[in-house]
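Trainee: Provided herewith is a single structure, encoded as structure tokens, for subsequent inquiry.
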Amino acid sequence: MAFRGAISVGRQANTSLYSIPYYLRTIYNVSPSSPFTRLNPISHNQTGLKYSIRAVSGTSVDPVVSKKQKGEESSQNWKIKMLYDGECPLCMREVNMLRERNKSYGTIKFVDISSEEYTPEENEGLDYKTVMGKIHAIESDRTVVTDIEAFRKLYEAVDLGWVYAITKYEPIATIADAVYGFWAKYRLQVTGRPPLEEVLEARRKKGETCDD
């Protein structure tokens, strides 16, 4: 998805222009000692048996998180919104790195365009097909940025601006956009996915099925 991904076509998927560590850690907070539900003694009355079940004590239950909340991780202080394809494996490597980095900043809002909850109305009218064509980001003042500039803005939001700093200058800027444009055009094929037309058709049929 990123400029790094573009220059890695034909090489191994984990090769990049810049050596930035990916903090791909998933933390599971599981407590095997949590108590289970306990039952009160059975009581009898004229109408039959009553079972009184006490609430679980000493345990906490995570609130149900909707797909929309999962697709749009927000912060009150976000400065830029990243629209990403959650079904792109290479793209997700970069998203996960930025998401991990963002835990200390809260400046990026991540929006998965592949989510069923994604709506153009909440994202400056950018529909699924448009965003699938290339990277889009939306600044807090509603300015839409694309291509390498989008990556530069996103990285700057988490103090990694030096990664794309050189792309501010010509002729590097033009070259970088051209290389990224090539990657964006063929990223579906590179990652083993069908062409965009087939993806759009499958998404349309899925929507019709859900409506039915």
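Trainee: Obtain the nm distance between the two label points defined at Phe182 and Ala202 by a simple spin-label model: each point lies 7 Å from its Cα along the Cα-to-C-beta direction.
Mentor: Each label point is offset 7 Å from its Cα along the Cβ direction, giving 2.7 nm.
Trainee: State the answer as a single residue: which of Ala173, Leu188, Thr146 lies farthest towards the positive end of the charge dipole of region 127-206, with beta carbon charges of +1 for Lys and Arg and -1 for Asp and Glu, about the Cα centre.
Mentor: Working it through, the farthest residue towards the positive pole turns out to be Leu188.
Trainee: So how do Ser140, Ser104 rank on accessible area, 1.4 Å probe, biggest first, that is with the largest at the start?
Mentor: Accessible-area ranking of Ser140, Ser104, largest first: Ser104, Ser140.
The values are calculated or read from the model by the stated rules, or taken from the named source; none is laboratory data. Just so it is clear, the model here is predicted, and its values are computed rather than measured. All Cβ positions, glycine included, derive from the backbone under ideal geometry; neighbour counts span all protein chains shown. Surface accessibility is based on the protein's heavy atoms, side chains included, excluding ligands, DNA and RNA. Shrake-Rupley method; radii C 1.70, N 1.55, O 1.52, S 1.80 Å.
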